[in-house]
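Data first, discussion second: the structure below is written as structure tokens.
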Amino acid sequence: MKVFGIDIIKGSVRSRTRRPVYALARVEDGDVQGVEEVTGFRLQRLLAAEQPDILAVDSSRRSPPTSANSTPSCSRSRPQRNSSR
């Protein structure tokens, strides 16, 4: 299972002058694969490319804005329900 944990370490998503910088921790099958600082743009690209099973955030208000063509990350992590009952 691939898990990404993110948190803002600099800036604010509400600021027009200083874009936020995020801390990204990548964990796969319980092993920390890496920790790095990334911009919101880079974070969006990594999420789209690697599609983690879980995205751990402390507040959804502080996560990077998504583009119009992207799928919200929370929809990927929800289990699918079996519709045949």
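Those residues that are more than 9 Å from the chain's Cα centre (by Cα) and among the hydrophobic types (A, V, I, L, M, F, W, C), I need them from the stretch 38-53; list them, please.
The answer is 38, 41, 48, 49.
Give me the pairs: first residue in the stretch 6-27 and surrounded by 14 or more Cβ atoms within 10 Å (Cβ to Cβ), second residue assigned to a loop (DSSP other than H, G, I, E, B) and modelled with pLDDT of 95 or more, beta-carbon distance under 8 Å, and six or more apart or on different chains, which are they?
Sorted first by the residue in the stretch 6-27, then by its partner, the pairs are 26/52.
Do you know which residues across the stretch 44-60 are outside any strand (DSSP E or B) and not acidic (Asp, Glu)?
Within the stretch 44-60, 44, 45, 46, 47, 48, 49, 51, 52, 57, 59, 60 meet the criteria.
The values are calculated or read from the model by the stated rules, or taken from the named source; none is laboratory data. In this text, all values refer to a predicted model and were calculated from it rather than measured experimentally. Positions of Cβ are backbone-derived with ideal geometry, glycine not excepted, and every protein chain shown enters the neighbour counts.
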